[in-house]
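Starting off with a structure, shown below.
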Amino acid sequence: MGKIADILQARGQLDDALRIRQEEELPVYERLGDVRSRAVTMGKIADILTARGQLDDALRIRQEEELPVYERLGDVRSQAVTMGKIADILQARGQLDDALRIRKEEELPVYERLGDERSRAVTMGKIADILHAEAVDDRGEALTALARVLVARGELDAAGRVIDEALAILHPELGPGVRLQVGGAVARGRAHLVRARILAAAGMPREAVDAAYQASSAVRQGHVVEREALAFIAEIKSAS
């Protein structure tokens with residue numbers, strides 16, 4: 001059944017694969033007391049949840065259901081692989097500092113001790129991705145801050161041009177030649193929120209609400225940017 005789930009997962013049939021993992025594969029390992037196979041299956045469930053965008057649930061599984069098993073078994077390679085997947089989730093959530101620490105301190109040293117040059121090279125590439133993302137975020141946030149000043153001064157046209165440049169950096173699909181693969185969620189949220197304020201000041205409330213929703217959806221639930229965006233949406237709707 002696990003092999004069938006692997007095929008379904010590879011074909012993008014995530015719901016079917018998840019059902020098999022949870023209802024037909026996992027219970028068998030639990031009855032047998034096979035803790036390693038259970039941990040491996042939980043990891044595959046986390047892969048499906050990550051693909052579905054359920055990052056919090058996937059992170060919990062990695063940290064609470066998978067990693068502790070490999071630690072008890074003394075399986076340092078599986079620990080490093082799992083820590084790398086935890087770092088992947090943190091990168092996707094924009095937590096670049098935490099992801100970078102894991103890559104440097106908990107993943108890379110293991111591959112170096114094991115002499116695994118391929119895994120070491122892959123990890124070094126992911127470290128480079130994070131450093132690139134941080135540099136891009138810094139420039140995007142600086143432009144966003146400038147746009148805020150221009151909004152406060154009433155220079156909406158100039159602010160619009162600046163925030164469009166920031167979004168082109170933070171959203172690679174909006175900026176030709178700009179490539180960003182990881183992180184940047186908070187920076188993108190802030191940029192969209194400034195754009196929403198520009199649109200509202202320009203008398204375009206509907207477009208401002210759309211931009212504020214983009215700001216909200218860019219960051220993880222409960223983040224200060226999300227709260228600001230939702231409060232701004234409520235403010236616009238109450239005024240209209």
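The values are calculated or read from the model by the stated rules, or taken from the named source; none is laboratory data. As the structure is a prediction and not an experimental result, all values here were calculated from the model. So basically every Cβ, Gly included, is an ideal-geometry build from the backbone, and we count neighbours across all protein chains shown. Side chains included, ligands, DNA and RNA excluded: accessible areas come from the protein's heavy atoms. Shrake-Rupley method; radii C 1.70, N 1.55, O 1.52, S 1.80 Å.
From the list GLU64, GLU107, exactly one residue is open to solvent by 20 Å² or more (accessible area, probe 1.4 Å) and out of contact with any strand residue (DSSP E or B) (no Cβ under 9 Å at 6 or more places or on another chain). Which is it?
GLU64
Condition first: open to solvent by 60 Å² or more (accessible area, probe 1.4 Å) and of a type in the set (A, V, I, L, M). Now tell me which residues in segment 203-223 satisfy that.
MET204
Looking at GLU30, GLU64, can you tell me which residue is of a type outside the set (Ser, Thr, Tyr) and over 21 Å from the mean Cα position of the chain (by Cα)?
Unique residue meeting the criteria: GLU30.
If I go through segment 80-101 residue by residue, how many of them are closer than 14 Å to LEU131 by Cβ and open to solvent by less than 60 Å² (accessible area, probe 1.4 Å)?
Residues that pass the stated criteria total 5.
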